[in-house]
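Each reported figure results from applying straightforward, stated rules to the coordinates on display, with no laboratory input. All figures in this text were calculated on a predicted structure; none of them were measured in a lab. Here the Cβ positions follow ideal geometry from the backbone for every residue, glycine too, while neighbour counts run over all protein chains shown.
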């Protein structure tokens, strides 16, 4: 069995669990008033080259919903891709934590918001229209839910449009490290220097274990968020065990090495299957995910070979590379795809 | 320095972190569809002698607020002690997750609900009064927020009153194990056999690390709660790391041994200071907490000696015993209290 | 000036205000415990040929949002037309009152839900998917937000699909009377006999003054709704003044006469402009609204003539007929449109 | 039958309904963009001697809950009397509209907040405590729910304490006119000049029909509130019919004459029963309500005589004077009370 179902089916990086275990010494004040959490503030501020407030949370859903609630009032509208995780997969969490805030889809390619599409959509919500929800924020998913990555110029163009209307900019960085590894830029460039106000900082999908984080770049948001987190049941009393994980995650470039590994595996597979008949990548492979349009017969064949992956539809398969997918596992998938695509097409399904 | 500030300032039991580390093998489906979480259902069902649904959550606040939201509609009233953690220390979480549900205090001794007081309070909310919130549930804290424990007969009497009005019964068991160790009864007796419908099952304060749990005894609540948990950002994608902690917590009686240790330390201290002038325990010491009425001078003296604890008011100090407080640490506190209480009273404060 | 801006810019029918004034005699219990409100229950039960619970509310937004909150949990999904008033014009009210419930658009013609489109959309939300909101209800707008009317067979087909998935059916009847007058069927046939569980019963747009209503056909919803209404600030203490209006509205067929009048005016205009070059009705005129695609030049001309209407876009104008639009006012609009459409096209805008 | 059950069982003042009927001429833009509503802004700004924003709403519950939601975040605490209507009689509306905001009772006499008690209570909520809800506002009920009136000096003292902690001040003025008539001061003095930021302006209990209002003195709150009102279903599309009522209510001193009349009736009754054995007023009669401690036998006797009133408990009766209670009706109650109190006490109850 080779598991391409998700990056959250994978193991945690051992360094992260070792740090968690090391934190189990002595006593420490609860609810984030400990030294690990204090050092985490410093560490992330270095990583992002500006003073940030970083708050560990249990899940990406919590990071997203609480971030959006922090930047949009309950009558607010948040503009995002139709395919955004916040819109499709978080069971109304944004609406719930946001007291009714509403997501509005914006068109674009490969699960990204299009710059012109955002401009057009916003034009349909002129200021002062009390009958509608009030435009409040834009949320970008980097990398996108189809494995594509916004170039910096696009983030900046989107930020500019947002700011011109007084909207805040959220980034869902469940795969922030994968996008960063792809672009080769600095964390600062991909976030606040490009206009991001608040970031859902993912770790779990990239070798983390039990926490993600919210990183706040707009200082005026930080105190209000702190109370919201407490009320949301997202402030561990033994916070040191969460902060230690996140500190280890960004220590010595671990997070980037992990992301480079899963990205490289995806790229290797994409290269290996280029030009195969009966296969089509529905989005560029820019992070650690491949979305393949192919036949059910091919999917059946892969499953019989022992590959695990998700069928998004009868003709769309998703493969996600974990940080610890090996080259031989990647090559095995390529070989299997070649074999099944070469097979004579069976009777119509 | 000897730390009596809280049981959440303490370490995790090594067995729990070892189990977490052991879970880091192979791949596993996300969001609780893994084997660790499946086995946890079986394990807790054995522990409670009935089929339960157990859902790991990040914090006790999440466990409480989501439990209450599961049993009370948003126009509901939940009856609890004035001193209950849900009422004093969770930043409106119950009201938030419950869409506006409201807590109503009920009098009683030592941060417990009194049986007669509950009856009287409920009489003030006759059925059919649409102008008020609607009585929906009772929440007991076991052990209480002053370290006292409800005997089984009281839980049953409260449950009977609640059920007669169609109310559900929640137990905030942040210190469930401490109460259990005190009463020497079975987990079943202290919960569903006494009428509890849903339980906030605490582990963090008793040697846990990063999770508590909700245990559902009323099966009709379980499916709805599952969606609420997802939406609340309380369902880890790598759930196995949480489930493994909880499984280790209840394995081989670990949880009870930990609770017995912290209870014993508290009892030892209470016995040691019995009869000391200038000291008064404001509640019986039935779990791992001591609430001492004494002078600021005594508190100052203790702090100078290196004892850490909370001043709840100028004349009320709280001492909490962790599972790993040693006998000599307990004896040191007794000795210091004896020393300071024997000191000639200083000038009036 | 002839006002085609909206049916809510119009007067109230004098009979309704007279009834309100007549209710100002003697004393009466508050919050709906009065005789006017009791009689209203009987009257609406006759009108709908079944025992209903009718609750006057201040606005259609309140009727819609509270109806949806009564049939969908806060993690629920409500399927509606993209153009539905609940989706475009009520400032997140459904999400707010529903604690985060989410609207999902379903394709269809003329701001209606398509039967096949609903089936297809629902197929994308298979049961048991906890990551998404949970399908809970379908909301139809009758007449639609483009002035079209669902035939009974379509309502029934939609209800059948909904019920097969366990979903409730809401009807936004802001223009219920207009649709009823069009179809010539009974109120029962257009509502509960076709599967509607709860109805936003509009009066304001059709000659009412200060109230609409919620009509509940599913008795199990009624008691819960009563508390929600109270909490929503929608239960007048002097309810008799609201109930008297609604009773007068349905007395002696007044509501149908008013709707027939506004429908007839719209039909007269539509007939008068049939075939005019440079004009296109974007939806069939089946109630009291006309949506005309035409040039800005034509719109400018009409405004200079003193006609008031809404420009939905540079090429789309909306005209709404009030119950008291006269035939000569209708003919004046026809004549003006003929005049402007016949004019030689001016230079490009 | 003479009805002392409530002031909301009473008629509307004819002037108010006449104004409503007069507004039924011509067409007018919806949702408050009409001339009546514009003039209402001017009129109330004159009445309050400062530029205010006045928003008609359907009920006092809506006025209170939306006012509180406008000044307190969802993690906020609002300090009020235990007996405040918002706490006892509005079915969790404040918590609901406020997304979980919580009411905290403050002791005091006659359903008022005590100045010292407020200071003491606030001291228990030191700044920066994230575990608790965050102090956000104080709510005063003027006249109080026991018919007492805050003198200006007390309002100012409370405002001063509130402002020193950065809290906003709300006044529940369901009986604002009665308190005003009692104090003989200006509306400005009893509101913004004494520190009130936002006012629930009651009309219904004092001769109004179908609306109360929110009056905003703190301009920064007004725009946000406007969207909240729309979303709350509290913005009538035919707003002119509401605005006309409120304009008539304050025209030519009508509101004060109505309040003087009901206050005078209450005062007359209080004077008439002074010193009667077996009767005790539990609060000073400073507005239009009397709360009488007496025996069940006396209450039974009054009911047999045809008096209607509420039994708050077996020994507490509430009598409310409507604006149109006549002197002879007041004297009849006095006479009946004298008769029943003189009667030989029957067997113990």
Mean Cβ-within-10 Å packing, highest first, puts peptides C:34-45, C:179-190 in the order C:179-190, C:34-45
Working note, the range B:147-239: Cα radius of gyration (Å, one decimal) and Dmax (Å, whole number) are 14.3, 42
A correct Stokes-Einstein calculation for the range C:273-315, using the alpha-carbon Kirkwood radius, 4 °C and 1.567 mPa s, returns a whole-number D in µm² s⁻¹ of 116
Row for chain C, column shape: gyration tensor on C-alpha, a ≥ b ≥ c, rounded if a/c < 1.5 i.e. under 1.5, prolate if a/b over b/c, else oblate; value oblate
Expressed in angstrom and ordered largest first, the alpha-carbon extents of the range C:251-293 along the principal axes are 43, 16, 9
Per-residue Cβ contact counts at 10 Å, fewest first, order A:102, A:163 as A:163, A:102
If one compares the long axis through the Cα atoms of helix C:327-342 with the longest principal axis of the Cα atoms of chain C, the angle in degrees, nearest 10, works out at 50
Measuring from the longest principal axis of the C-alpha atoms of chain B, the long axis of helix B:222-231 (C-alpha) lies at a number of degrees, nearest 10, equal to 70
Expected integer from the mean partner chain Cβ neighbour count at 10 Å over D:220-230 is 4
Residue span residue C:281 to residue C:153: 0.36 nm per residue of separation minus Cα-Cα distance leaves a gain in nm of 43.7 nm
Looks like the range C:62-175, by Cα gyration tensor root eigenvalues a ≥ b ≥ c and the a/c under 1.5 rounded cutoff (else prolate when a/b is bigger than b/c, oblate otherwise), is oblate
So for R0 = 25 Å, FRET eff. of residue B:316-residue D:164 from the Cβ-Cβ r, to 0.05, ends up at 0.45
Expected unfolding gain across residue D:293-residue D:271 under the 0.36 nm per residue rule, minus the alpha-carbon gap, is 6.3 nm
Inter-chain shielding metric for D:198-208, i.e. average beta-carbon neighbours from other chains within 10 angstrom, reads 1
With the range A:106-168 reduced to its Cα atoms and the Debye formula applied, log10 I(q)/I(0) at q = 0.14, 0.22, 0.28 1/Å amounts to -0.40, -0.90, -1.27
Square roots of five times the C-alpha gyration tensor eigenvalues of the range B:20-72, ordered largest first and given in whole Å, equal 23, 16, 10
So the angle from the long Cα axis of helix A:60-71 to the longest Cα principal axis of chain A, reported in degrees to the nearest 10, equals 40
Over its alpha-carbon atoms, the protein assembly as shown yields an Rg and a Dmax in Å of 33.4, 108
Where a ≥ b ≥ c are root eigenvalues of the Cα gyration tensor, a/c under 1.5 meaning rounded, otherwise prolate if a/b exceeds b/c and oblate otherwise, the range A:164-307 counts as prolate
Kirkwood Rh over alpha-carbon pairs of the range B:29-124 plugged into Stokes-Einstein at 25 °C, 0.890 mPa s gives a D in µm²/s of 160
Final fewest-first order of B:215, C:334 on the 10 Å Cβ neighbour count is C:334, B:215
1/(1 + (r/R0)^6) with r = Cβ-Cβ of residue B:328 and residue A:328, R0 = 56 Å, i.e. FRET efficiency to nearest 0.05, evaluates to 0.50
Partner shielding of D:1-8, as the mean number of partner chain Cβ atoms within 10 Å, equals 4
Given B:62-71, D:301-310, C:270-279, the highest-first ranking by average Cβ count within 10 Å works out to B:62-71, D:301-310, C:270-279
